[in-house]
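Below is one structure; the comments refer to it alone.
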Amino acid sequence: MDSNIDFYASLRDWSPWDEADVLKMEFEDRAQLAKSISCVGLLVDLSLDQHAEVRKAVAENPITPLSTLKRLAEQDLCISVQQTAQNTLTTLVKA
């Protein structure tokens, strides 16, 4: 990870500028961050990303809101995103 990604991966208090910076990143970086970030609002935004890799990473993050995971599991156009979201939902229900 580069230092910019490391910074955002460990960030706990997000500002609108931090969120905007992430949304401007290359999709590979957005996907990498979406797996571990704790900013719920940004996860919801990233769940609508044009790149399936980013949406799948959002679906892997257990912090993603349940309503967003359900939407991804039921409505995403990419089957791997749907399956990942369903797996995360199943894991959360068992916990």
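Quick notes on this structure:
- Each Lys and Arg Cβ is given +1 and each Asp and Glu Cβ -1; about its Cα centre, the chain then shows a dipole of about 520 debye.
- Helical mean residue ellipticity (222 nm; -39500 (n - 2.57) per DSSP H run of 4+; nearest 500) of the chain: -20500 deg cm²/dmol
- Charge dipole (the stretch 3-94, unit charges on Cβ, about Cα centre) - positive-most of SER15, VAL44, PHE27: VAL44
- In this label model, LEU92 and LYS24 are separated by 3.1 nm, measuring between points 7 Å along each Cα→Cβ vector.
- Relative contact order for the stretch 3-94, counting Cα pairs under 8 Å that sit 6 or more residues apart, in percent: 22
- Total lysine pairs in the chain at Cα distances under 18 Å, for residues eight or more apart or on different chains: 5.
- Listed candidates [x] 0.96; [y] 0.98; [z] 1.31 - label of the one calculated as Rg/Rh (Cα atoms, Kirkwood Rh): [x]
- For the peptides 44-56, 17-29, 66-78, residues were scored by their other Cβ atoms within 10 Å and the scores averaged per peptide; the highest-first order is 44-56, 66-78, 17-29.
Quick note: the coordinates plus some simple rules give every number you see, no bench work behind them. Every value quoted in this text rests on a predicted model; they were computed, and no experiment measured them. No Cβ is skipped: glycine too gets one built from the backbone with ideal geometry, and neighbour counts run over all protein chains shown.
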